[in-house]
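Taking it in order: structure first as structure tokens, then the write-up.
The values are calculated or read from the model by the stated rules, or taken from the named source; none is laboratory data. Treat the numbers as computed from the prediction; the structure is a model and nothing was measured. Here Cβ is always computed from backbone atoms with ideal geometry, including for glycine, and neighbour counts include all displayed protein chains.
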């Protein structure tokens, strides 16, 4: 940690700050410049947030800069090889293959889901997505089928061999959701619902953690720390766009977050161009970009009849467009293998 | 609702859109311009989101504009007089008086809390704030004292006569939190934790709903609708700053949201300059501004020794500064009564 | 245009609004719903902004929604085939080939520029970038070599056959910049410097217009309209990242803007991953993504010794990394040709 | 400056970084922690940006943190008393009085301007605003009356004794604008038009510099440095709202920027609630808040008939509302004098 003293701080003021730091059992390394003095602080990392806030309350201190990252379990420092989440039957997230999760926004009924599952399977995706409990901005919108939806997902898994991912919003539903799903999805709105993250952390079930609408990379990784700190290390991160001043798309897809997270963390990162754009015409080009930037997979919304979807129709691909997208992203993904990826070497170094 | 057809849509395309609208039992009012046709749509408001999304999936439709606001229970249309929340003993939120909620970020121990409570009380605040369950960005930061903290809050209430507000993060803690608090606080991170909002909605206990870090006014009011829709109409809104590109303050205080919400809703709105700025030197001027803009109250962090606070020390006022702030905001508030407030008239019209 | 009257507007209020609209010689098409009345407005598009603002000042009107886009010359409606800018010697922007503009942030001296130009040329780029007049946030930073830099660019063009692009910041420099460059670059900070845009519009010289740091798609295209409206139709758009709450990268690259602009406009769009990320390790993956999303070209910073660059060293690629990037983006670009691009079909339809 | 080496950097890597720093003639103060080494760097401030960028290109360096602020002339360090700009006839900006600048967005014609000037004068404002050259997002909107507008402003000054402020967008208009105005306004879109700032800096005429739509406090003050560095020290800063995700107001008024800037700089800061909100109903409450937060003045749009304004009608106050606003802000401003303002003491300390 570095504490920067206010300009032209007196010797007495400097000593006061030093005393506070030493009082918390940290070592002090002052560097006296012409206009400002900075104090390097070394010591127990677990108390540094407390010391930082303490220093920030002092009028003698202008600012405090943390040097060490707050990440522990998510960082390459904790684990030197990339996390690969094995869902069985050869389906993995984080390995060499591109993993595709596709399906409707909401599970609506048996016909809709089975039809979608077959389309998704035949186009080469490995995982079926579908919401049974839906977070809707308005309480007056369709809230999902609940357990009935979960049963339909399980039925689709049985019929197609696809793995299943579905969202969990409420601790009260943990048991029922876990009974039916292969991956638990935590949505953007719940990325900092710490009560939920802690409960998920106690499970033996992979989790996909979507980035919050206004979450920095740091906050996103710290949310993953909440899960991992309780023991569950099977975490997938999902970039789904952030909120900006942009008015033409539902969100602004922050694709540079993918290689950035890969430099910081061993966890797999996938991208969701459906929520990232909110417009089906943009889903395929952004999916291609996500694969090109190095994402470990793609989550995308597909519906047999988007015009009759109970939610997110405008950002859902029709079956034929989904098949085209699959061709395109596989082609891009193959081309990535033809050259050695420089930034991956960096990440793994 | 207005559906705008794509430029130079053919007669056949127009008819296709009309058929879809009529198929959902809405009435159709086309207006044919030189370049574009728009279709006015009238009918059952409860199905409009579904119809809107359906239309947005059609390539014949360029965009869809909703005309009616999504708010119901929060709007002036539902209730024509301002909501005043009566906490007993003459303490109200939303009435003619300015209500001040003050106290430490976290309840740390008996001495700290009792000392703060007395300071807060003697300076003229009515409600004591203090976190027992703390949402922290990192799992490695202090997480609060839990029930012990709640008991200390209740003890402070007994000793001072102050009312109490504390944050609820987890449905599992509803009973214990309700046992001790007068107002339940829902934090910014949980503004769209719908499972929690629905449970709160079933209680007979006032709720203060903080605005999410990236929540629009619409999303904020719809979160309040989640609570009210379950039956609990005692909702206070709290502006606490939003996330922007600004790097010098913790958040960017959006003070124009206060009069804006007051135009849309009968619910009381208070402002939190501590979280809105993150820097104690800015708390008092922004508190003054919040009162001047018309807020129904202020929530502010106070600590007897901010340099020893376990959380949020940098944004906590020292006792003497808190007393100065109280003087200043009361002076501003009194001066507001000396003229007729134009925008309030608008809101109540 | 649609004017939405306030809820439960009286017949008299409705008539007042209608009279205003008719007074401006627009036609009126009212649609009376249960709670609100909307009025469709048809008429002369050139006066619609004036009428819109007039209606927005009326307390009887709740909001006004424009239906027609404000774009004219930039839109597919004005021109049905994509703009291809021919720089001579087979170098084009907007055609079937991917165009690469590369070079140092600033022209520093002869050795630096000639060395970079050769690297850029041999790796397959067509256009040399280099700043002679530099917009720097601080007046105390290196401001560029001025005309001397322009002469070096022209010398590099002569020696390598590369075309040249350089930034123009000041109307006073138009003649000298035009004497040496093939494309005039307008930087992000000057995207709404309308005096400059109008002067550029009078020239017979291609222009590349970078997106402003906080510019919506609409504002960006309207800035291009300023140039085109004066007669210069050779405009290239360049996405270079927007400002968000993100703190880990210099900007947030908004790659979905590329296909979005291609749907709205016939102008070529290129992407600048150097400014979009600010970090050289992220430049290559984001360049790949930009090509995959469909950009017509890439602008990228290259320096023989980034550690000695006078500006933007941290986001400049070293020669060997630039060559790797070129291989990668060419591979991605070729793979795009192997399938028919759906969204291009949409754009051209 | 602090250079943070990458985790577990070897002795050799450390030495390499040290050599680079010494090669630029800076002193080196390494602090070796358990996981990371940081290097304190002392030396000539004028070369620090260059050294910073150089270090950032090195793979041995994780990040570089500047310690000294980039401000020189704008800071309290340069000048220990607040800048007061004296416009003559007792009109000052930055003194103890609240200065009000009011008038129409655009000068439209003689009747409109003279009528507004009288209203503005009689309500107690000191400065008349009015645009003669208008920056409009679309080239198809009203662009202002040009010199004719300037002449009308001068005529209004003569008739009322008000001082005049008007916007300058183009270096070519410097002479004509200076002939008629008392203060030159630089608009938000031109805050980083450095060519313009440098020319303004050579004049002997006060300048008001509006904050750019996405400008940080640092960038704003550095833009003021561009002006001051050329010799013109009469700079007024104007907060006019920043761009955020908010969709309900034209901009988001960042009122905490006012006390923040006052802590960093001796320059006067005023606030523009008209552009900050874009909605006339919000102008008065936000003007009150701006005064309460400590702004040195207010700029506000007034129009005798907002419904006929050629620009910005929706955010213009009617005469009677302007008079009410003047009463309210004067009352607030007087109440500020009744207590000692703590944060001002801080700023001046």
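Collect the residues in segment B:276-304 that are assigned to a helix (DSSP H, G or I), farther than 19 Å from residue D:328 by Cα and in contact (Cβ under 8 Å) with a residue 40 or more places away in the chain, keeping them in residue-number order. Correct list: B:280, B:283, B:284. What residue, among those in segment C:37-50 that are at pLDDT 90 or above and more than 7 Å from chain B (Cβ to nearest Cβ), is farthest from residue C:4 (Cα to Cα)? Out of the qualifying residues, it is C:41.
Within the bounds of segment D:142-150, is there any residue that is at positive phi and within 26 Å of the chain's Cα centre (by Cα)? First the steps, then the outcome.
Just the residues of segment D:142-150 that are at positive phi, to begin with: D:144, D:146.
Add one more test, that the residue is within 26 Å of the chain's Cα centre (by Cα), and what stays is D:144, D:146.
Scanning segment D:142-150 turns up at least one residue that is at positive phi and within 26 Å of the chain's Cα centre (by Cα).
Being under 19 Å from residue C:40 (Cβ atoms), free of Cβ contacts under 8 Å to residues at least 60 places away in the same chain, under 36 Å from the mean Cα position of the chain (by Cα) and within 14 Å of chain A (Cβ to nearest Cβ) is a property that holds for residue B:55. Among the residues making up segment B:202-217, those that are at the interface with chain A (Cβ under 10 Å from one of its Cβ atoms) and in contact with a strand residue (DSSP E or B) (Cβ under 8 Å, 6 or more places away or on another chain) are B:213, B:214, B:215.
Checking every residue in segment D:92-111 against the condition of being farther than 27 Å from residue D:226 by Cα, within 14 Å of chain C (Cβ to nearest Cβ) and part of a strand (DSSP E or B) gives at least one match. Of all residues in segment B:265-284, those satisfying the criterion of being modelled with pLDDT under 95 and at the interface with chain D (Cβ under 9 Å from one of its Cβ atoms) are B:279, B:281. Residues of segment A:93-115 being closer than 15 Å to residue A:153 by Cβ and surrounded by 20 or more Cβ atoms within 10 Å (Cβ to Cβ), which ones? Hits for segment A:93-115 are A:101, A:102, A:103, A:104, A:105, A:106, A:107, A:108, A:112, A:113. Taking the criterion of being closer than 23 Å to residue B:150 by Cα, within 13 Å of chain A (Cβ to nearest Cβ) and assigned to a loop (DSSP other than H, G, I, E, B), the residues of segment B:173-201 that qualify are B:187, B:191, B:193.
Of all positions in segment C:235-242, at least one carries a residue that is outside any helix (DSSP H, G or I), within 13 Å of chain D (Cβ to nearest Cβ), out of contact with any helix residue (DSSP H, G or I) (no Cβ under 6 Å at 6 or more places or on another chain) and crowded, with 24+ Cβ neighbours inside 10 Å. Flag not set for residue D:118, criterion: buried (at least 17 other Cβ atoms within 10 Å of the Cβ) and either assigned by TED's automatic domain parsing to the domain that holds residue D:227 or assigned to a helix (DSSP H, G or I) (or both).
Please go through segment C:18-40 and pick out each residue that is touching a residue at least 24 places away in the same chain (Cβ under 8 Å), closer than 30 Å to residue D:136 by Cα and touching a strand residue (DSSP E or B) at 6+ places or on another chain (Cβ under 6 Å). Write out each step before concluding.
Residues of segment C:18-40 touching a residue at least 24 places away in the same chain (Cβ under 8 Å): C:20-21, C:24, C:26, C:35-40.
Those still in the list that are closer than 30 Å to residue D:136 by Cα too: C:20-21, C:24, C:26, C:38-40.
Listed by number, the residues that qualify are C:21, C:26, C:38, C:39, C:40.
Look through D:307, D:328 and report the one residue that is in a helix (DSSP H, G or I), modelled with pLDDT under 90 and either crowded, with 16+ Cβ neighbours inside 10 Å or on the phi > 0 side of the Ramachandran plot (or both). Lay out the reasoning, then the answer.
Details: D:328 fails: modelled with pLDDT under 90.
After ruling out the rest, the residue left standing is D:307.
Whether any residue in segment C:80-92 is more than 15 Å from residue C:267 (Cβ to Cβ), surrounded by 17 or more Cβ atoms within 10 Å (Cβ to Cβ), in contact (Cβ under 8 Å) with a residue 60 or more places away in the chain and out of contact with any helix residue (DSSP H, G or I) (no Cβ under 8 Å at 6 or more places or on another chain) is what I want to check. Please lay out each step first, then the result.
The initial filter retains those residues of segment C:80-92 that are more than 15 Å from residue C:267 (Cβ to Cβ), namely C:87-91.
Still in the running and surrounded by 17 or more Cβ atoms within 10 Å (Cβ to Cβ): C:87, C:91.
From the residues that got through so far, the ones that are in contact (Cβ under 8 Å) with a residue 60 or more places away in the chain too are C:87, C:91.
Right, trim to out of contact with any helix residue (DSSP H, G or I) (no Cβ under 8 Å at 6 or more places or on another chain) and you get C:87, C:91.
Yes, the conditions are met somewhere in segment C:80-92.
Regarding residue B:163, is this residue within 12 Å of chain A (Cβ to nearest Cβ) and either closer than 30 Å to residue A:221 by Cα or surrounded by 18 or more Cβ atoms within 10 Å (Cβ to Cβ) (or both)? The answer is no for residue B:163.
Results for (1) at pLDDT 95 or above; (2) within 12 Å of chain A (Cβ to nearest Cβ); (3) assigned to a helix (DSSP H, G or I), shown as yes or no for each residue.
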| site | (1), (2), (3) |
| --- | --- |
| B:3 | no, no, no |
| B:7 | no, no, no |
| B:12 | no, no, yes |
| B:35 | no, no, no |
| B:62 | no, yes, no |
| B:80 | no, no, no |
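For segment D:218-240, the tally of residues that are closer than 20 Å to residue D:272 by Cα and touching a strand residue (DSSP E or B) at 6+ places or on another chain (Cβ under 8 Å) stands at 11.
Got a number for residues in segment A:255-275 being closer than 23 Å to residue C:328 by Cα and either part of a strand (DSSP E or B) or without any contact (Cβ under 8 Å) to a residue 24 or more places away in the chain (or both)? Result for segment A:255-275: 3.
Counting just the residues of segment A:124-152 that are within 19 Å of residue A:298 (Cβ to Cβ) and more than 14 Å from every other protein chain (Cβ to nearest Cβ), which one comes out surrounded by the fewest Cβ atoms within 10 Å (Cβ to Cβ)? Even if it seems obvious, please write down each step before you answer.
Here is the first cut: in segment A:124-152, the residues within 19 Å of residue A:298 (Cβ to Cβ) are A:124-131.
After this cut, where a residue has to be more than 14 Å from every other protein chain (Cβ to nearest Cβ) as well, the list is A:124-130.
Numbers: A:124: 14, A:125: 26, A:126: 22, A:127: 23, A:128: 28, A:129: 30, A:130: 29.
Going through the qualifying residues, I end up with A:124.
For segment A:69-78: of the residues being in contact (Cβ under 8 Å) with a residue 40 or more places away in the chain and at the interface with another protein chain (Cβ under 8 Å from one of its Cβ atoms), which is surrounded by the fewest Cβ atoms within 10 Å (Cβ to Cβ)? Going through the qualifying residues, I end up with A:72.
Picking from residues in segment C:108-139 that are touching a helix residue (DSSP H, G or I) at 6+ places or on another chain (Cβ under 7 Å) and without any contact (Cβ under 8 Å) to a residue 24 or more places away in the chain, the one that is nearest to residue C:189 (Cα to Cα) is C:137. In the set (1) within 10 Å of the chain's Cα centre (by Cα); (2) facing chain A (nearest Cβ under 10 Å), residue B:220 fails one condition alone, (2).
Within segment A:145-157, is even one residue more than 23 Å from residue A:287 (Cβ to Cβ), touching a strand residue (DSSP E or B) at 6+ places or on another chain (Cβ under 6 Å) and outside any strand (DSSP E or B)?
Keep residues of segment A:145-157 that are more than 23 Å from residue A:287 (Cβ to Cβ), which gives A:145-152, A:154-155, A:157.
Then keep just the ones that are touching a strand residue (DSSP E or B) at 6+ places or on another chain (Cβ under 6 Å); that gives A:157.
Checking the rest, the ones that are also outside any strand (DSSP E or B) come to A:157.
Yes; the residues of segment A:145-157 include at least one that is more than 23 Å from residue A:287 (Cβ to Cβ), touching a strand residue (DSSP E or B) at 6+ places or on another chain (Cβ under 6 Å) and outside any strand (DSSP E or B).
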